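Data first, discussion second: the structure below is written as structure tokens.
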Amino acid sequence: MWNESPDRVSAAEICSHENMSKTAPAQEAPFVQVQSLCKYYVLDKPIFADVNFTINKGEFVCIIGHSGCGKTTILNVLAGLDTASEGYVIMDGREVKGPSLERGVVFQSHALMPWFTVRQNIAFAVKSRWPKWSSSQINTHVEKFVSMVGLSHSIEKKPSELSGGMKQRVGIARAFSIQPKMLLLDEPFGALDALTRGTIQEELIGIVRDTHQTVFMITHDVDEAILLADKIVLMKNATQVDGSYTAGGVAEILSNTLPKSRKRAELHHLDGYYELRNHIVDFLIGIKH
Amino acid sequence: MFIFVIFIGIWYVSTINTSTNSSPPSNLTQEQIEYQKLMGKDVGVQKTTGFPSPIQMAQAIGKQLSNPFYDNGPNDKGIAIQLGYSLLRVGIGFLLASIIAIPLGFVIGMSPLLYKAFDPFIQILKPISPLAWMPIALYTIKDSSLSGIFVIFICSVWPMLINTAFGVSSVKRDWLNVAMTLEVSPLRKAFQVILPAAAPTILTGMRISMGIAWLVIVAAEMLVGGTGVGYFLWNEWNNLSLTSVLFAVLIIGVVGMLLDMAFAQFQKWVTYVE
């Protein structure tokens, strides 16, 4: 999935438009298939319509778009927390019908239980995943994932005693601890300051690369998407011009061909970075007008 | 503390003034004095307001508290025994109310449909004064002591029911979503997610209920009679023993405060900081 094009390519190639339904590899079915997804609250005025994309195993997909274009709805449909009006999602050969332990979700507002300590919060998830485990098994597992996000020293603290970044780390550790087949992140760094965000992004890259996790993430930050994603899905809002209504949906799917070992600090020195970035920013500004 | 000293001072002065202002007139003949006595105007005897002075109060409190457990028949029992009866009634009524209100509130809070179905009944039954239930209770239960418990039950049930339903229905969507994505079993979700999340609201309801129950028990015992602080208070009024009445009022206040403090402590245990 990574070497669709050589490492160094021209801007035009970096921004190669993919229409997944046409160019999807025929030899094997992708891990996740989103097909003609559509959501409306008012009939004939769908928020988005005909959304198609695929996620391969181990792929990191970011979705970018303005507020109200239905990013979170798509994520919730993937998570099984919401249902689409039309279309369906197939994961690993099975249709997504409801929430499942196979998909871990990191919520924008961390969603930790404030009455539990960090340990109990993660143990709650681990116990749900493996109900028959003994408490010592659960403890070792919990400690492993807490140390993975570097919070071993705060394991007995309540979420209220942690900073925003630490809370979000716990949220990530909780999602990873159930070892889901796919990880869904809803703007996990939206509420964090730039410095913290940078650190956690690096951590996330490290963990995802080590575990070959399949990830679907919503973001508003173009640089974040370029840093993390293998594939970037651009979404456009629904528009109403002179009474003619156009549904929103996927405008473009870009594959990120920057070297996989890219780091946040040297991202802007990489060839092709600015072309990719400008393309996305132009798109985001363009659809506004 | 300063306010308390001032208060005692004013009380003392006001009782002193009224108890010393009448001196026996000496210019009356024996017949005149006798006539005055027949007319109910007892000359020569110091006229007081009858309101006890702080010193008399302190003596009465000391006497009552020095032997709180005596029992000289149905009309003369120590304050601790009377308090015990009242607390027992409140305890039983309150416990029954929690056993019914909290699970029911839980179910109502979880289901918007049930919430709508129960709401009109709750709204009608809630504003009824608990004492208005007394005749119905006496007629159907035919036992004054049980009726007292029933009245406590009926007055504590509503705040607990409403608060539990509200607490459960307003549990953060995020926490429920977490539970859903983790495929948590309904029972585990109820006890490990919804209950701790709603606990502060439920405890608030219980605290309000306990406050109301303590208000109501005094009135109910005045009506029903027999035992309890409410009965003690009314009995002492009939004895025209104002010191005992004041003592009972003081005790009711102190016990009410202690009950409220206990619930404040429980609330502290279950409260979480987000």
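The values are calculated or read from the model by the stated rules, or taken from the named source; none is laboratory data. Model, not experiment: these values are computed from the prediction. FYI the Cβ positions are ideal-geometry reconstructions off the backbone, even for glycines, and counts take in every protein chain you see. To get the accessible areas, we keep the full protein, side chains included, count just its heavy atoms, and leave off ligands, DNA and RNA. Shrake-Rupley method; radii C 1.70, N 1.55, O 1.52, S 1.80 Å.
Observations, loosely collected:
- The stretch B:1-53, residues that are under 30 Å from the mean Cα position of the chain (by Cα), modelled with pLDDT under 85, open to solvent by less than 70 Å² (accessible area, probe 1.4 Å) and on the phi < 0 side of the Ramachandran plot: B:Ser14, B:Thr15, B:Pro52, B:Ser53
- Helices (runs of 4 or more DSSP H) enclosed by the stretch A:54-148 - at least 3 residues per element that are among the small types (Gly, Ala, Ser) and more than 10 Å from chain B (Cβ to nearest Cβ): A:135-148
- Single match in A:Ile155, A:Ile178, A:Ile205, A:Ile200 (criterion: among the aliphatic types (A, V, I, L, M), away from chain B (no Cβ under 14 Å) and touching a Gly at 6+ places or on another chain (Cβ under 9 Å)): A:Ile200
- Restricting attention to the stretch B:158-178, the residues that are open to solvent by 50 Å² or more (accessible area, probe 1.4 Å) and either away from chain A (no Cβ under 13 Å) or touching a residue at least 24 places away in the same chain (Cβ under 8 Å) (or both) add up to 5.
- One residue from A:Trp115, A:Trp130 being open to solvent by 30 Å² or more (accessible area, probe 1.4 Å), in contact with a Phe, Trp or Tyr (Cβ under 6 Å, 6 or more places away or on another chain) and of a type in the set (Phe, Trp, Tyr): A:Trp115
- Members of the stretch B:189-198 that are more than 8 Å from chain A (Cβ to nearest Cβ) and either out of contact with any Leu (no Cβ under 9 Å at 6 or more places or on another chain) or not charged (D, E, K, R) (or both): B:Ala190, B:Phe191, B:Ile194, B:Leu195, B:Ala198
- Within the stretch B:223-259, the set of residues being open to solvent by 30 Å² or more (accessible area, probe 1.4 Å), more than 26 Å from B:Leu203 (Cβ to Cβ) and of a type in the set (A, V, I, L, M, F, W, C) comprises B:Leu223, B:Val224, B:Trp234, B:Trp237, B:Leu240, B:Leu242, B:Leu246, B:Val249, B:Leu250.
- Evaluation of A:Ser136 against (1) surrounded by fewer than 21 Cβ atoms within 10 Å (Cβ to Cβ); (2) under 15 Å from the mean Cα position of the chain (by Cα); (3) at pLDDT 90 or above (one fails), failing number: (2)
- Qualifying positions in the stretch A:191-206 - crowded, with 18+ Cβ neighbours inside 10 Å and either without any contact (Cβ under 8 Å) to a residue 60 or more places away in the chain or of a type in the set (A, V, I, L, M) (or both): A:Leu192, A:Arg197, A:Ile200, A:Leu204, A:Ile205
- If you filter the stretch A:149-165 down to residues that are over 19 Å from the mean Cα position of the chain (by Cα) and assigned to a helix (DSSP H, G or I), you find that the one that is nearest to A:Ala194 (Cα to Cα) is A:Gly164.
- Number of positions in the stretch B:216-263 that are in contact (Cβ under 8 Å) with a residue 12 or more places away in the chain and within 16 Å of the chain's Cα centre (by Cα): 31
- B:Ile79 vs. criteria touching a residue at least 12 places away in the same chain (Cβ under 8 Å), closer than 24 Å to B:Leu259 by Cβ and open to solvent by less than 70 Å² (accessible area, probe 1.4 Å): yes
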